[in-house]
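Participant: My questions will all concern the structure given below.
Where a number appears in this text, it was derived from the coordinates with a stated rule and is not lab data. Quantities reported herein were computed from a predicted structural model and do not represent experimental measurements. When we count neighbours, we look across all protein chains shown, and the Cβ atoms used for this are built from the backbone with ideal geometry, even at glycine.
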Amino acid sequence: MGGDYGTPSPHPLETLARLRELPNATWIRGNGERWLLEPPEDRPEVTDTYERFRGQIPDEEVRWLYSLPPQAELDGVLYVHGSPLADDESFAAEPQQG
């Protein structure tokens with residue numbers, strides 16, 4: 001699964017409980033999980049949102065989410081959240097010239 005597991009959201013623990021019911025799921029960390037402990041200094045709107053939901057997720061869960069790997073390779077395919085370079089970086093739907 002690709003990250004941002006209900007963080008932040010009105011029901012993060014319920015979301016995590018449902019996702020944990022999925023058999024054989026592979027979890028990777030997204031920027032949402034990273035921002036629980038490393039809020040982005042250049043994104044005040046994100047910091048404000050995380051402040052509103054602070055305390056809804058127990059510290060043990062925060063540490064577990066933060067400790068998820070940033071990527072997973074399954075059957076020769078690399079899975080990341082965002083891009084291989086950064087979990088908060090996206091890419092265009094169409095190929096771009098460099």
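Participant: Summing +1 for each Lys or Arg and -1 for each Asp or Glu, what net charge is found among the other residues whose Cβ lies under 14 Å from the Cβ of E14?
Facilitator: My count for the surroundings of E14 gives 0.
Participant: Please grab the % of Cα pairs in region 12-80 that end up more than 15 Å from each other.
Facilitator: The share of Cα pairs beyond 15 Å in region 12-80 comes to 60 percent.
Participant: Assign unit charges at the C-beta atoms only (+1 for Lys and Arg, -1 for Asp and Glu), then state the dipole size of the chain relative to its Cα centre in Debye, rounded to the nearest 20.
Facilitator: 260
Participant: Considering only DSSP states other than H, G, I, E and B, which trypsin sites (Lys or Arg not before Pro) in the chain qualify as loop sites with at most 13 other Cβ atoms within 10 Å?
Facilitator: Sites meeting the loop and neighbour criteria: R54.
Participant: Turning to a different aspect of this structure: Using a 10 Å cut-off around each Cβ, can you sort L36, L22, L68 from fewest to most neighbouring Cβ atoms?
Facilitator: Listed from fewest to most nearby Cβ atoms, that is L22, L68, L36.
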